[in-house]
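Have a look at the structure below before the remarks.
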Amino acid sequence: MEKAPLPVEIGWMTGVWDENWLERRYYGGSLPPEAERELHLAARAYQEDARAEDHLRRAIDLAPAHLAGYIGLYKFHFYKGRLAEALPYACRCLELAGADLGLPSDWHLVTPDAAPFGNYEAGLARFYLFALKAYGYVQMRLGNAEEGTVAMRKLLELDPSDKLGAAALLVVWERSGVDDAE
């Protein structure tokens, strides 16, 4: 009996791409198709830094108020180990999500009752918490331990049930006594 061939996964890990994959839509119509295509092209070009970044920047140019391009640039720089370059995009994600939620522009001033942070189904509020976690973590890794710690403590204030794991990050960081910038 002949075995059926296994399906080929499409994406950056396999190097297999097709035009249909590039045309997929993941943002429910909130992101213009041209911008979303640029995000897919960036994924395809992941191993070519300059080309991938060009696609990500074009996505932002096409949809400057949408979070997707900024998330893409944050993740791109973060996973490439380029933390100083990731930081401004974590900040931009905080700004955009905060503005959409009607929060103060300074995250230090955000209070737990300012948005439905405890409702894990509230996507934008949850995203704001993830962006704050990213900001704090990158700050710590860049050697800005005080700023990173303050951000993680704010995250715990906004997420007292600690669904995002800020307490564990703080414990590990404080026990390590390591300053990655040294």
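The values are calculated or read from the model by the stated rules, or taken from the named source; none is laboratory data. Keep in mind the model is a prediction, meaning the values are calculated, not measured. Cβ placement follows ideal geometry from the backbone for every residue including glycine, while neighbour counts extend to all protein chains displayed. Areas reflect the complete protein model, heavy atoms only, side chains present, ligands, DNA and RNA absent. Shrake-Rupley method; radii C 1.70, N 1.55, O 1.52, S 1.80 Å.
Of the helices (runs of 4 or more DSSP H) lying entirely inside region 108-182, those carrying at least 3 residues that are over 16 Å from the mean Cα position of the chain (by Cα) and among the hydrophobic types (A, V, I, L, M, F, W, C) are 145-158, 166-176.
Of all the numbered requirements in (1) more than 13 Å from residue 156 (Cα to Cα); (2) open to solvent by 50 Å² or more (accessible area, probe 1.4 Å); (3) at pLDDT below 95, residue 79 misses one, and that requirement is (3). For first residues located in region 162-173 and closer than 14 Å to residue 130 by Cα, partners that are open to solvent by 20 Å² or more (accessible area, probe 1.4 Å) and lie 6+ apart or on another chain with Cβ distances below 6 Å form the pairs 164/133; 166/156. Residue 97 falls short of the stated requirement of being open to solvent by less than 30 Å² (accessible area, probe 1.4 Å), more than 30 Å from residue 153 (Cα to Cα), among the aliphatic types (A, V, I, L, M) and at pLDDT 90 or above. Of the helices (runs of 4 or more DSSP H) contained entirely in region 34-105, those carrying at least 3 residues that are under 24 Å from residue 125 (Cα atoms) and charged (D, E, K, R) fall at 83-101.
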